[in-house]
Structures are given as C-alpha cells and as structure tokens.
Amino acid sequence: MSMQAQTLIVFIGSFAFAFMSLAFVFISPVERLLLKEWLTSGGGNDGARGDAAGAGAAAPAPKKQEEIKVPEQSFEPEADVPEAPGEEDEAGEADDEAAAEPEAEEELLPAEEEIDEPDAEKASKEEVRDARVVMMKFLEGALAGLMKDGLRLDGVNRFGCHLFLAGAAEVLTRTGGLSKGQFVGVLEKCVAVLGTDRKMARQFGKKYEEYLLEPKYCDMFRSGAAAMERFAEDENMNVASALGQALDVWSQPDNKGDSGAPIAVMFTDIVGSTKLTQDHGDDAMQKIVRAHNKIVRDALRNYAGVEVKHTGDGIMASFKSVPNSVDASREMMRGIAAFNKGNSEIPLEIRIGLNAGTPIAEDGDLFGTTVQISARLCDKAEDGGIAVSNLVKELAAGSSAKFTEMGQMDLKGVSEAVAVYSVSID
C-alpha cells in the first residue's frame, strides 16, 4: 500500500473517531443510534461499492436510501407525535380520571347522606340554597367588619366564631325546615371559610351540641342566633358589630378571674392502684406513687402546666395552652415507659383524661362540667392510654399528636354522649 493510501486511511479513521466522540457529547441517544446504523451499514456498502465501481458514483445512493427510511421527526424525540383521531380525547379523559382519583378518596359524602336517616324530612334544594346564600351574606358582613378592625382569628377566637355561626345556622334550620344533615352541610361551608379543615368543620357541625354544656360556649351560640334573627329582618344590620361584641365577652375575664379562653383540665390515674397495694404492700406502692408524681410534675414544668391537687392515685392539673396539655400527656407516657425499663418487678401504668373548657376557679380548685368530663374521660382511657374530648382535638392544632376516634361514649353525670379520641404516644 502506498504512503498516500496509508495517510488517507489514518486521516479518515481519525476523523471518524473524533466525529463519534463529539456525537456522544452533543447528539441525543436516538440520533446516536441512527448515526451508528448509518455509519455501519452505509459506510460498509460504500466501501464495497467503491472497490467494485468507484466511490464517487456509489456514495450518494445509500444516503438517499437512509433519508427515506428515517423520517425527519425521528431526530427530534422530544417533539409531540400526533395521535390517531379519538385517542387524544380518550387519553385525556383517562389522565383526568387518574388525576381525580386521589381527590375522590378525600371527598366527603354530602352531610345529609352521611348524617340523616333515610326517612328524615328534608328541605328542598332551593330552600337549602337560599339558606346557604343567607349564611354566606351573614358571614361576609361579619368578616368584612372584623378585617377593618384588624382582628386576627387565633385558635380561640376562631372557635368562638364557630359557635356564633352554629347559632346563626340553627335559626335558619328552624325557619327553613332543614334536616340535621342539611344544617351540617350549610354550617360546614361557613366554618371552612374561616380556615378550618373541611373534615374538622364537618365534625364540629355534627358535635357542636356537646359544647353547649358549657355556659360560656352556650352564650356565644345564643349571640349568633340572636344576630341571625335580626339579620333575617334587616340584612343591612351590622353583623360585624354583633360578632365583635360577642368575641369581646368571649375573651374577657369573668368575675371568678377566669381568663375567658378555654383551658385544658387533665386527670392522671395509676392503673390498678388498689391491687398493687394488696400484692406488693404499702412501701412498694409509695415507690410507684413517687415515680408517678415525679414523671407527671416534670412534664407539667416542661409544658407550663399547673398542678391543681393530688388525688391519692393521680394528679389533677390545668394548662392555659391546649396543645401543651396534649404534648405533656405524651411526655408523661414516654416517661412511664422509660421508668418501667429499669423497674420490671412492679411496672407503673397510668391513664390520662383531657378536656377543655372554662371551669369555675375557686379557692385554688376547679369545678364545673369541664372538670367532670375530664375525670370521666380518664376513666374511659385505655390502660397506658390518653383519652380526650373533641374540643381538645380541635384546639390542639399546635401539637404533632395523631388522634383516633374511640366513638361516642356515655359519661357518668353527662346527659349526652361525648365523642372521645385516643392520642398517639410517639
């Protein structure tokens, strides 16, 4: 082979290597594949034909053939490829359905279907729509005025607004003949406007009557009812003023020195204290009681709780912050678990009950329905568990705890069944 031929081969080989190297950097995978096929098939054919008939005449043919075999859009893999008629619509509908599936899982049934009995008397759709329109106008007037005054709805004031709106909605229920489910549906939408989670708004509508056992809550409810009665006669009345006055009373201290805001009341109870004394004696029981006292009091100190009194086999305490009461309860349970790891002979187990409200404070003690329900919730708690009321669950937005519904329970001394929830420890 002549020197010129060798030089030409080296030059072509170097060029091909450099070209392929650049291709791997700048050309997409699809283009690289097609280029490789073109070089291996077309180049080989070119060589064979060059040997037979000369490279100049044979080179254009395979290139032309490759251009026919590979459509132009194949070099643009990112481009949209048109679909057959009908496929786009079907695919779009399928995508829409797939995207809607998660939302469908979260979708709540209409309140009347979830709550009402099958034979319950219901208002017509037009009457329900009219009631909803009136409630939204009522709420719009209330919030517009409050926004001008710069009022910020914290958890306590928001709950007061819930009660106010419940009273207003009940007036419309009476005058419009709405069923319980329709009432809840109307109230749910209004409460949700205040920024409350939809499921919690539904739960409030279903259980609001439980809160009316507290005189302070009942007063807020009645204020809303009175405001709606006036609004029904004159839609130009100042709803914001009525709500503002009600919130002033709601948040102001009363004659007993109560702060006006709901507080949490806690009861702890050592499980099986009598049997522990019988089985292990007074000294061993005192050791258990002292361990309980230390764990509970440490958590009270860490979460700004106040010990009201010792009950013999438990402690009664109060918290200005409802979320703090929930977190303190969980810390107590974790402290009990840590204690038991080093004291396996006589394990310590407690129950905790939590309720929120405005109890009567007198002579360093607390009295009233709030206290009574809290004590009964402690009785309903599972061994080693925490039982709370629905109000605690709603006001504990600042806690990371998870709540699990235990169901409606009859509590001794309470006229109506109460929704009870357990609290996660971890």
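The values are calculated or read from the model by the stated rules, or taken from the named source; none is laboratory data. Predicted model, so just to flag it, every value in this text is computed and none were measured. All Cβ positions, glycine included, derive from the backbone under ideal geometry; neighbour counts span all protein chains shown.
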Exercise. Provide a single number: the residues in segment 363-388 that are among the charged types (D, E, K, R) and without any contact (Cβ under 8 Å) to a residue 12 or more places away in the chain.
Key: 1
Exercise. Filter segment 263-284 for residues that are over 14 Å from Ile350 (Cβ atoms) and out of contact with any Phe, Trp or Tyr (no Cβ under 9 Å at 6 or more places or on another chain) and give the result.
Key: Thr274, Lys275, Thr277, Gln278, Asp279, His280, Gly281, Asp282, Asp283, Ala284
Quiz item: Quick one: what pairs do we get from segment 314-338, first residue surrounded by fewer than 24 Cβ atoms within 10 Å (Cβ to Cβ), second in a helix (DSSP H, G or I) and hydroxyl-bearing (Ser, Thr, Tyr), C-beta under 6 Å, 6+ apart or different chains?
Solution: Phe319/Ser325
Self-check item: Residues of segment 299-325 satisfying the condition of being out of contact with any strand residue (DSSP E or B) (no Cβ under 6 Å at 6 or more places or on another chain) and hydrophobic (A, V, I, L, M, F, W, C)
Solution: Ala299, Ala304
Quiz prompt | All positions within segment 366-413 that are more than 27 Å from Gly272 (Cβ to Cβ) and acidic (Asp, Glu) | solution = Glu394
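Here is a yes/no grid of residues against (1) in contact with a Gly (Cβ under 9 Å, 6 or more places away or on another chain); (2) closer than 20 Å to Gly145 by Cα:
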| position | (1), (2) |
| --- | --- |
| Leu165 | yes, yes |
| Val171 | yes, no |
| Val186 | yes, no |
| Phe204 | no, no |
| Tyr211 | yes, no |
| Pro215 | yes, no |
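On the given criteria, is Ala166 within 24 Å of the chain's Cα centre (by Cα), aliphatic (A, V, I, L, M) and assigned by TED's automatic domain parsing to the domain that holds Phe221? Walk me through how you get there before you give the answer.
Details: within 24 Å of the chain's Cα centre (by Cα): yes; aliphatic (A, V, I, L, M): yes; assigned by TED's automatic domain parsing to the domain that holds Phe221: yes.
Taking the combined requirement at face value, the residue satisfies it.
Return yes when Arg334 is closer than 30 Å to Gly281 by Cβ, at pLDDT 90 or above, within 28 Å of the chain's Cα centre (by Cα) and part of a strand (DSSP E or B) and no when it is not.
Working: closer than 30 Å to Gly281 by Cβ: yes; at pLDDT 90 or above: yes; within 28 Å of the chain's Cα centre (by Cα): yes; part of a strand (DSSP E or B): no.
Answer is no for this residue.
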Exercise. May I ask you to list the residues in segment 368-426 that are at pLDDT below 90 and among the charged types (D, E, K, R)?
Key: Glu394, Asp410, Lys412, Glu416, Asp426
Quiz prompt | Which listed residue is surrounded by fewer than 14 Cβ atoms within 10 Å (Cβ to Cβ), at pLDDT below 80 and farther than 21 Å from Gln372 by Cα, from Asn255, Asn236 | solution = Asn255
Quiz item: Residues in segment 404-418: is at least one buried (at least 18 other Cβ atoms within 10 Å of the Cβ), in contact (Cβ under 8 Å) with a residue 12 or more places away in the chain and out of contact with any Leu (no Cβ under 8 Å at 6 or more places or on another chain)?
Solution: no
Practice problem: Could you pull out the residue among Ile350, Ile425, Ile360, Ile346 that is touching a Ser or Thr at 6+ places or on another chain (Cβ under 7 Å), in contact (Cβ under 8 Å) with a residue 40 or more places away in the chain and either surrounded by 14 or more Cβ atoms within 10 Å (Cβ to Cβ) or closer than 30 Å to Asp283 by Cβ (or both)? | Solution: Ile350
Self-check item: Which listed residue is touching a residue at least 12 places away in the same chain (Cβ under 8 Å) and in a loop (DSSP other than H, G, I, E, B), from Gly195, Gly145, Gly224
Solution: Gly195
